[in-house]
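Each remark here refers to the structure printed beneath this line.
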């Protein structure tokens, strides 16, 4: 089916990343976040250890990577916000209406993700600031910051949203690229240092064994679905984020190679995070802290990192305070690099479709997310886990399936090849081009649909 010609007047004035490295760090920053450092390790501990790691890595390379290329290609091909980019892929009115609805749904879901993300990130800020506040003599305030009370959850989440706003309002180069380029190297350095420190503790080797030696009997449809949702959540797929980042990408960038670099950086940091947190859980268990319930399930997986690890750090004495500060600083940085992209997708849609200024659009979306976050905070038990499951295990895989179909069927093979050859003139003779077009058109949608349906 023929697609429309991409809008050229938007691309001529469109903001963009100043370099390929700037894009990679920003896109990897979007991918590397709480999905890697909060969600992935707890999913590993709860779902068969290394068995989950193996399935996650296979799905990341076999499904998430091709989808990532597709989303980046849609964005760079159209040079528009996620909603408009999807809407203009076809000349047929019915398909335009449908793809516009899917684009709006994707933007809505990323706002929901930002909502629960800001709550978790607020916890991180609380645990980062708590020891500093305590050292200044404000013991009650320090305890309140880590109390998980509705009031503290609400205030800290709002502080995190304001931090994200302050970066995104600066634009692509001066805001997103500048801060991602500074925060990502710091994140990696902190992560490696913490791993080396944790592996010296008693009990760490047991955790390392659990993390690296798979129990294949644990692999079932639910584990595969969770691994798929985890890989899509981690790489910010299915919510328009990578479409808008792709629209900021220079035409002469090699899309498949750049996407692979982002994918490998994301899965690599997720793997490193597992090397830190899974052994840390077993170190905590060795210290007498309850990790698993009688039926073998993780105790309080949503807040595990905030309940178990602080207790572990306290048991480590003076060095534990330093490790705790470094760890929660690391987590806060990871959260911020991802939330930036979550805010950017809806902001780009408002600025381009509604003609709003960036400042006004950023303020409006931030206020909407604050309202949603307030509702969730004060109705935490029924809403929090529901929103996490709805967005990461269902909305993102389903939207990613649709984005595959859009890229596969609405953009002609010649147009896809032309777009990829802009940054890779030899692409037509490559193994990638012999596989990817039909893989994204047929194989990815079938595999994603099969995994989703098997979970039901």
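Below are the figures for this structure:
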quantity	calculated
Residue tally, condition farther than 19 Å from residue 257 by Cα and either without any contact (Cβ under 8 Å) to a residue 12 or more places away in the chain or touching a strand residue (DSSP E or B) at 6+ places or on another chain (Cβ under 7 Å) (or both), over the range 425-456	5
Filter result for residue 124 (crowded, with 23+ Cβ neighbours inside 10 Å, in contact with a helix residue (DSSP H, G or I) (Cβ under 6 Å, 6 or more places away or on another chain) and at pLDDT below 90)	yes
Odd one out for residue 94, checked against (1) over 23 Å from residue 441 (Cβ atoms); (2) without any contact (Cβ under 8 Å) to a residue 60 or more places away in the chain	(1)
Only listed residue being within 29 Å of residue 438 (Cβ to Cβ) and modelled with pLDDT under 90, chosen from 25, 72, 63	63
Qualifying helices (runs of 4 or more DSSP H) (wholly inside the range 46-110; at least 2 residues being over 22 Å from residue 424 (Cβ atoms) and within 19 Å of the chain's Cα centre (by Cα))	50-59
Members of the range 383-417 found to be without any contact (Cβ under 8 Å) to a residue 12 or more places away in the chain and surrounded by fewer than 16 Cβ atoms within 10 Å (Cβ to Cβ), listed by number	386, 389, 414
Helices (runs of 4 or more DSSP H) lying entirely in the range 190-288 (those with 2 or more residues that are touching a residue at least 40 places away in the same chain (Cβ under 8 Å), out of contact with any strand residue (DSSP E or B) (no Cβ under 6 Å at 6 or more places or on another chain) and closer than 26 Å to residue 105 by Cα)	221-234, 241-247, 255-286
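The values are calculated or read from the model by the stated rules, or taken from the named source; none is laboratory data. Model, not experiment: these values are computed from the prediction. Virtual Cβ from ideal backbone geometry, glycine too; neighbours counted across all protein chains shown.
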